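Each remark here refers to the structure printed beneath this line.
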Amino acid sequence: MNLPFTGCATALITPMKWGGIDLGALSALIERQISAGIGALVPCGTTGEASTLSGEEKLRVISHTVKCAKGRVPVIAGCSSTSTKRLAELAREAQKAGADALLCLSPYYNKASKEGVYLHYKYVCERVDVPVIAYNVPQRTGLSIDIETYKRLSALKSFAGVKEASGNVSYCSRVLSRFATQFPLYSGCDELTAPLYALGASGVISVAANAVPEMMVRLCSLCEKGDMKAAAECQIKLAPFMEALFSEVNPIPIKTALAMMGMCTEEMRLPLCPLNSAQREGLIFEMKRLGISVSKSMEKM
C-alpha cells in the first residue's frame with residue numbers, strides 16, 4: 001500500500017498548558033510546519049509524549065491535527081500499546097479520526113519473539129484500511145525487527161514502510177539493499193538523514209523539524225536532488241543542535257527549545273522533567289548558533 005510521503009515529516013510535540021493539551025499552540029506549530037514545506041505530520045508519537053496521554057487526549061490531538069492540516073499534507077498518527085488488541089483499537093480510532101496513515105510501534109515491555117512481532121503487525125494491518133508504517137526503535141522496545149520479519153511484513157496489504165530508529169547505519173543498509181523497491185524506509189534519527197538518504201531512504205520522521213522545519217526541508221530537498229555534498233554540509237551544520245536535542249530523553253530538549261522560542265509552555269508530564277542547567281545552556285548555545293531567537297525570560301530560567 002503506497003503512502004504519499006517523501007522528504008521530511010515532523011514528529012510533533014504535544015503542547016501542554018495547566019495540565020491539559022494546548023490546542024492553540026498545536027495549531028500554530030502545525031501551521032508553521034506546513035508553511036515551511038514539511039511533507040507530513042506525525043502526532044502522538046514518542047515526541048508527542050503519547051505514553052502519558054489518555055486515549056481521549058490522543059484522539060483529540062490526532063483529530064485536531066487532521067483539522068488543521070486540511071488535507072494539505074498527510075497526517076500519520078502514532079499508535080502504541082503493550083497489547084496488540086488495544087493497538088488495533090487505537091489504530092481504528094485514529095483512522096476514524098481522519099488519519100491518512102498510522103505509525104505503529106513494535107511491541108514493548110512484553111519482549112515478544114520474532115513470531116510475536118510479525119503477528120503484532122499482521123493483526124493491526126488486517127484491521128485497518130490505511131497504510132501502516134512500522135516503528136523500529138530498539139532502545140525503547142528492547143527488540144529489533146529482523147530481516148526475515150521485514151520480508152514477511154512486506155507481503156501484508158496495509159504495510160507501507162518503516163521508521164528505522166535503530167541508529168545502526170549498517171543494519172539500515174541491509175534492509176535497504178533487500179527491500180528498497182518494496183517499501184520505503186524513513187530515518188528515525190535526525191543525525192542520519194543524509195547518510196540514509198545516500199543509501200536509498202525515502203525521508204526522515206524528524207524531531208528537529210519542530211524547531212527548524214525550513215532547515216530540515218532543505219536538507220531533504222538537497223538529498224532528493226542528489227546534491228550530497230551540499231546535503232552533507234547542511235547535515236554537519238545541524239549536527240551539534242541535533243546532539244543537544246538528545247542530550248536528555250526525547251522530547252524534553254525539543255519541548256524546551258520550542259518553549260524558549262515562545263511556541264509553547266515548557267510543561268511536560270512525569271516521568272519527563274526539565275533539563276538541568278548544563279544541558280539547558282548547551283541547547284541555548286546551539287540554538288543561537290543557528291540563528292534561532294531565544295526568549296530572554298526563558299533563557300534566565
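The values are calculated or read from the model by the stated rules, or taken from the named source; none is laboratory data. It should be emphasised that the depicted structure is a prediction, and the values quoted were computed from it without experimental measurement. Reconstructed Cβ throughout: ideal geometry from the backbone, glycine too, with neighbour counts over all protein chains shown. Just the protein is used for accessible areas: all its heavy atoms, side chains included, with ligands, DNA and RNA removed. Shrake-Rupley method; radii C 1.70, N 1.55, O 1.52, S 1.80 Å.
Quick look at the numbers
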item	result
Failed item in (1) under 18 Å from Ile21 (Cα atoms); (2) of a type in the set (A, V, I, L, M); (3) surrounded by 20 or more Cβ atoms within 10 Å (Cβ to Cβ); (4) modelled with pLDDT of 95 or more, with Ile76 passing the rest	(1)
Scope the stretch 57-111; condition among the acidic types (Asp, Glu) and more than 14 Å from Pro43 (Cβ to Cβ); matching residues	Glu89
Members of the stretch 239-291 found to be closer than 29 Å to Ser54 by Cβ, outside any loop (DSSP other than H, G, I, E, B) and among the hydroxyl-bearing types (Ser, Thr, Tyr), listed by number	Thr256
Single match in Thr65, Thr52, Thr47 (criterion: within 17 Å of Tyr109 (Cβ to Cβ) and either buried (at least 20 other Cβ atoms within 10 Å of the Cβ) or among the polar types (S, T, N, Q) (or both))	Thr52
Of the criteria (1) assigned to a loop (DSSP other than H, G, I, E, B); (2) farther than 23 Å from Gln139 by Cα, which one Ile13 fails	(2)
Subset of the stretch 231-246 (residues that are aliphatic (A, V, I, L, M) and surrounded by fewer than 16 Cβ atoms within 10 Å (Cβ to Cβ))	Ile236, Ala239
Any chance Ser144 is at pLDDT below 95, in contact with a Ser or Thr (Cβ under 9 Å, 6 or more places away or on another chain) and open to solvent by 30 Å² or more (accessible area, probe 1.4 Å)	yes
Residues satisfying the stated conditions in the stretch 182-196, i.e. open to solvent by less than 10 Å² (accessible area, probe 1.4 Å) and closer than 8 Å to Glu164 by Cβ	Leu185, Tyr186, Ser187, Leu196
Close pairs from the stretch 148-165: first open to solvent by 10 Å² or more (accessible area, probe 1.4 Å) and assigned to a helix (DSSP H, G or I), partner modelled with pLDDT under 95 and not acidic (Asp, Glu), Cβ under 9 Å, at least 6 apart	Glu148/Lys114; Lys151/Arg178; Lys151/Phe179; Lys151/Gln182
Test: residue in the stretch 18-29 that is within 24 Å of Thr193 (Cα to Cα), among the aliphatic types (A, V, I, L, M), out of contact with any helix residue (DSSP H, G or I) (no Cβ under 6 Å at 6 or more places or on another chain) and open to solvent by 10 Å² or more (accessible area, probe 1.4 Å)	no
Count of residues meeting criterion [assigned to a helix (DSSP H, G or I), hydrophobic (A, V, I, L, M, F, W, C) and modelled with pLDDT of 95 or more] in the stretch 16-65	10
Members of the stretch 95-136 that are out of contact with any Ser or Thr (no Cβ under 9 Å at 6 or more places or on another chain), more than 24 Å from Ala201 (Cα to Cα) and buried (at least 18 other Cβ atoms within 10 Å of the Cβ)	Gln95
Any hit, the stretch 192-204, residues being of a type in the set (S, T, N, Q), in a loop (DSSP other than H, G, I, E, B), touching a residue at least 60 places away in the same chain (Cβ under 8 Å) and within 21 Å of Ala36 (Cα to Cα)	yes
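Residue-wise test of (1) open to solvent by 50 Å² or more (accessible area, probe 1.4 Å); (2) modelled with pLDDT under 95.
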| position | (1), (2) |
| --- | --- |
| Ala198 | yes, no |
| Pro213 | no, no |
| Glu248 | yes, yes |
| Ile254 | no, no |
| Lys300 | yes, yes |
